[in-house]
Every structure is written in structure tokens, then in C-alpha cells.
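Values in this text are rule-based calculations from the coordinates and carry no lab data. Worth saying up front: this structure is predicted, and the values here are computed from it rather than measured. With ideal geometry, Cβ positions are generated from the backbone for all residues, glycine too; neighbour counts draw on all protein chains shown.
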Amino acid sequence: MMEPALSWIPLVLLIASSLTLLISQNWRWSIIALAVLYLGMFWMITWQWSLGLAAVKLVTGWMAGAVLGVSQPGNALEETGFPRLPGRGFKVVTASLIWVLAFAIAPSLQKFFPSETNYVLGAIILIGMGLLQLGMSHRPLRVILGLFTVLSGFELLYAAVENSVLVAGLISGVNLGLALAGAYLLVNPEEEETP
Amino acid sequence: MSTIIVWIFVPFGVSVLLALFNRRTGFTRWTAAILSLVLAVTAALVNFDSLIQFGGRAYELSTSLSILGRRLVLEDSDRTLLVLIYGLSAFWFFGAPAARTYRLFTPFGLGMIAMLVASLAVEPFLFAALFVEIAVLMSIPMLIPPGRPAGQGVMRYLIFQTLGMPCILIGGWALNATEINPSLESLLLEATLLLGLGLAFWLAIFPFYTWIPLLAVESHPYVVGFLLSLLPTVVFSLLLNFLDSYAFLRNSTLLFQGLQLAGTIMVATAGIWAAFQRDLSRLFGYAVILETGFALLALSLHSNSGLAFYAGGFFPRMIGLGLWALALSVMQSHDVSMKFEEEKQAFQRLPIATTVCLLTIFSTGGLPLLAGFPIRQPLLEELGTHSIPMAIWALAGCAGLMFAGFRYLGALFLHEPKIGHIEEDRYQIALLLAGALILIAAGIIPGPYITWMSNLLQGYANLF
């Protein structure tokens, strides 16, 4: 299949943003990385869907980021288990293993998902990086960001085979619901009184 | 008027309203309970295929609604399932005042039920995965009361349930693709594996069940009971939908062997871990795993009798889990510890709740004369005709849970049992006693409920 022009740019955006989501301990950088991730995803989905329908993904992703951002996560990303520098180094090494794995299996997945190499590669990298994030932490914000990463990879794959408007709407609903659940976990408002 | 509006949009709309008034717990609990009861009774009485006479006029009930090019359909064959789901939700919401649940339980619980019904109604049913995921997300505020941090169990629950959705959607797409284009037959194995993985995430099948005992300890027992009885009910219905729709799955020996192995491992490990537990909440979690294992074993028999055991097993499962969760909530609301070693005052203070708790442990374990026995005994017998080692392991699981029950009995009566001032209130006593009577009556006269529950299978024309 012919690769669209500059198809490596969204792939680089996805790799950089998912790596930032994995190693960043600053919530602002993470929210920005999430926004960039959805931009890259939107770019790729325009190869499969009409611009209008693909824009739904971008708007939903940015809204999800905004919902998480306004809940002011503070130090919700700081890991207590990993010392800062060695922890980041370890994460970069494991992320590179995911990239190698993605480059290895993308060609074989292309026979199932009829799309460009960089497209499938981006999807696999997102799923892998998301699973890595989920496996490394139980902190709510990291889990939510990990789930967003996995789901965006899945959305890329699924967009290649299904273009139903209802499904696009429901997946957007799931993303917004996940953001709201994440915001609830982060905000945790007031003490409950048992009646 | 449409069945979709009545059984999906109305409860969802009411749940949004109740969420706005969530601080008025009395109002939200009773409204949700009465609405659920009305919807269950209406589903039982109204025939969807005929005109409805109301106020001297006749109304036609449309059974489908198109949204964005897809359809939501609730037909006459779905009535039993609607009665079961809304009956169950009424059962749980009427118990909420006695269990003293948090204020977000009823609004989000009702919304969750509407989403689960939508998951059963959507066509093609593969998109059900998205509705199930929305229901899971709606359950998060119920599980973590405001003001408390999220525990590991809730996070694992969220992760596993969310990971199930992509697996089901892509697996379902692959299965459809092979049906439309036989040249893609190489996709069949991948499709089966993805569907299996997705269902394993959703149903907390071995090895993805570690979050259940954690969740049982971290969250309110009544909310956990509600979630772990309703979610698997709907997911099992989706599993039957898959089996009903795809001949390849129905005829796959590998799938049924896998179900049998997973079911046996779940029953055996849950029973064995339960035997060593000293915490009633964790024990409850293991009982849920054991029940799911038995449902898988019933399906794995790949026969009409297996299906009958599967459908019949719903009733004791629901009553047992509901009562157990209520008893635990009553104990928790009176600050009675869930640890066995701290139970010395429990029987004196809460004799009904502790006795009912014991009764449900034994019923889940399959003690004769209780509701669990009439399903467990023939199921194990038939399992034995397929594989003696599997039946022995399943029996060991039951024995483990019964052993835990005897340990709890020992802990309760470690000191001389003297009943002083009973702390349960009248409503709690009435619900607990009514539930216990149903548990015993269903054990002595199982015929009626087994016959009624077999109606659940009406909608699956191709099964076996």
C-alpha cells in the first residue's frame, strides 16, 4: 500500500508523545503529550476516514485532556518506587523494546488490517506503550493515561476496519467517560457521611 | 412508544436526575427501587408483540429504534432477561437503605443497568462491548466513596474491564470478516483467541481474577455484590449471543475444553484460597470467583442439561450473593469487624446477619437443603461423566468454601453465645429473614425457579 506523504511525521509524534507520557513526572507535560498523541492519531485516521469524522477523535481526545487538566493532578504522577533518573532510564530501555517488537510484527499484522505500514506501526506502538504504562504503576493518573494510550492504539486499528458513525460516537463516549472517571479519582472531593 | 425508550432511555434519564439529587439518599434509593420494580413487572406482564390497552386507547409498542444507522432492539424474546435484570436491580435497590450504601450508589447503579440493557439490545451485538465499557466507567464513582483514595482493586478492575473492550471488538470484527470472506479463514484462530481474552478480562476468568478479592475488601460490600452479580449476568448473555450466532464457535471443541479447564481452575483455586481466609470480605470475593467458575463449567458441558444448569444457577447465585453482601453491609454499618479473630462479639450483637452470612457461605458451597445444592449436585455428576479429575477438583473447591464456613462458625461461637441487645433494625431483619427463607425454600423446592430460569434461553435459537 502507498504510504501518504510525510507519513513518518505522525508516527514520530506518536512515539515521542507516548514516551513522554511514560517517563514524565509533571502532569502539565503529560497533558500536552496526550494532546500531541491525539493530533498524531487524527493525522493518521484522516488516511482512512473523512476529515470531519476523524476530527471527532481529535476533539474528544483534547476534551479528555482538558477534563484531566482542570482536575489539577498536582503530584499524581510522581513515583515513589522508582528513583528519578534510573527509573526514567529503565523506562526508556523497556520502551525501546516495545518499538523493536512493533517494527518486527507490524508487517505481519498488515495482512489483517489493510492500511499503511506507519499506520499499523503507530497503532502497535501505542498499544505496547500503554500496556507498559499500565504494568508499571497503580497511580490513578498513570493508569488513566495508560488506558488512553492503549485505547488510542486500538482506535487506530479499529478505524481501519470499521467506519460506523455510531461506533465513533460510542468510542468518543468511552474516552470522555474515562476522562471523567479519571478526574473523579483525582479530585476526590469531600468526606462522605453515611446516613 | 418504544421498548427501547421504556427500558433504556427512561431509567437512564431518571439516573441522571437522581445523580443531581444524590444527597437526598432516601429519595434516590426508593425512586430507583420503585422504578426498577415497575420496569420488571411491566416486562413480565406486557406482550411486546400486541397492542397495549391503556385509558381506553390502544398503543403499539415498537421494539426497535434506529440511531446513527444502527439499531437497538428489545423484542418479546428479551422479556425474561429484562425481568431478570430489572428484578435484580429492584432487589438490590430495595436493600440499599438496609445496607446503608453511599449516596452515589443508586444514581450510578441505575445508569449502569440502563447501559447494560442497551448492550443487550444493540445490533450488531458486537458493539455491546462499548456499552459494557460505559457501564464499567459509570461504576467507578459507586466503588470509591467521595473522600477516599482509589485502591489497587479498583484500578485493576478498571484496567481489566477496559482492556476487554478492544479484544471483543477486534475479535468480533475478525469473526465477521471470516464469515463474509472465507478466504480469511486464517483469522479464525486469532478471532477466537481475542474473543476468549476479552471475555476472560470481563468475567474475571483465571488468571485475571486477582482484583475481585481486593475490590471486595476495598469497597462497600453491597456495591461490590451489585456489580459482581449484574455485570457477569450481562457478559454471560453476550457469550451466549456469540455462541448462538457463530456456528464455528458452537462447534469448537477447543473452546469448550478451554471453558472447562478455566472453570475448574477457578472453582478449585477459589475454594482452596477461601479455606485459608480469615476475612469475610475476601471470602465473599472468592465465592464470586467460585460461582463464575461453576457457570463456566455448566456451559462447558456443551449439552442441553449444561445450559439448564447454567440458567438455573442464576437464581441461587443472585440470592446468595445478594444476601451475603447485605449481611456484610449490616455488619460493616455496625462497625463489626470482618476478621475471623475479631468476631467474638459479632453473634451477640448481630445474630441475624451473622447467621445469614453462614447460611449463604454454605449455600454457595452446595450444602443440601439450601438453594445452591439442586444445581451443584447434578452439575458435578454430569461433569464427572466427562472428566473425573475435573469433577474432583470442582468438588475440592466446594469443600474449601464449606471449610471456610465451618471456620467462621467456629470463630463465631468461640465464646459462649449470649444474645443481648440485637442491633439490627427491623428493616434489616425483615430483608435478611426473607432472603434466608427464599434460600431455604429454593433448596427444598427447586423445580419452580429452575423452570422459570430456563426461559432465559428462549432468545438463543441455535444453541446446541
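Descriptive notes on the structure:
- Taking Lys and Arg as +1 and Asp and Glu as -1, the other residues whose beta-carbon sits under 14 Å from that of residue A:176 total -1.
- Residue order, fewest to most beta carbons within 10 Å, for B:184, A:13, B:39: B:184, A:13, B:39
- Taking amide H atoms as placed 1.01 Å from N in the peptide plane, the amide H of residue B:71 lies under 5 Å from those of B:123, each 5 or more residues away in sequence or on another chain.
- Residues B:339, A:111, A:57, A:91, arranged from fewest to most other Cβ atoms within 10 angstrom of their Cβ, appear as A:111, B:339, A:91, A:57.
- Per-residue HN-Hα couplings for region B:385-402 [Karplus 6.51, -1.76, 1.60; θ = phi - 60°; Hz; x = Gly/Pro]: 5, 8, 7, 5, x, 4, 5, 5, 5, 5, 5, 4, x, 4, 4, x, 5, 5
- Mean Cα-pair separation over length for chain A, i.e. relative contact order, pairs under 8 Å, 6 or more apart, %: 28
- Dipole in debye (nearest 20) - the protein assembly as shown, about Cα centre, beta carbon charges: Lys, Arg +1; Asp, Glu -1: 880
- Cβ-Cβ FRET estimate between residue B:77 and residue A:164, R0 fixed at 35 Å, reported to 0.05: 0.90
- Dipole of region B:118-230, positive direction: furthest Cα of B:145, B:160, B:172, with charges on the beta-carbon: B:145
- Label-point separation in nm, residue B:434 to residue B:388, each point 7 Å along Cα→Cβ: 4.8
- Each residue of region B:194-210 was assigned a 3J(HN,Hα) from its phi angle through the Karplus curve 6.51 cos²θ - 1.76 cosθ + 1.60 (θ = phi - 60°); the sequence is 5, 5, x, 5, x, 5, 5, 5, 5, 8, 6, 7, 3, x, 9, 9, 4 Hz, with glycine and proline shown as x.
- Relative to one another, the C-alpha centroids of region A:1-78 and region B:306-320 are positioned 46 Å apart.
- Residue-averaged beta-carbon neighbours from other chains (10 angstrom radius) around A:156-162: 3
- Fully extended contour minus Cα-Cα distance, from residue B:53 to residue B:444, at 0.36 nm per residue: 136.8 nm
- Amide N proximity, region B:100-139 versus residue A:70 label position 7 Å along Cα-to-Cβ, cut-off under 20 Å: B:138
- C-alpha center-to-center spacing [region B:144-172, region B:359-411] in angstrom: 30
- Relative to the Cα centre, the charge distribution of chain B, modelled as +1 at Lys and Arg Cβ and -1 at Asp and Glu Cβ, gives a dipole magnitude of about 1000 debye.
- Computed from phi, the 3J(HN,Hα) profile of region A:119-125 under the Karplus parametrisation 6.51, -1.76, 1.60 (θ = phi - 60°) reads 5, 5, 4, x, 5, 5, 4 Hz, with x in place of Gly and Pro.
- In chain B, one over the average inverse separation of all distinct C-alpha pairs is 22.5 Å, which is the Kirkwood hydrodynamic radius.
- Under the Debye formula (equal points on every Cα, no solvent term), log10 I(q)/I(0) of region A:99-139 at q = 0.32 Å⁻¹: -1.04
- Part-to-part distance (alpha-carbon centres) for region B:234-267 and region A:114-152, which is given in Å: 29
- Taken residue by residue and averaged, Cβ atoms of other chains lying within 10 Å of the Cβ of A:166-173 number 6.
- Average beta-carbon neighbours from other chains, 10 Å sphere, peptide A:142-155: 3
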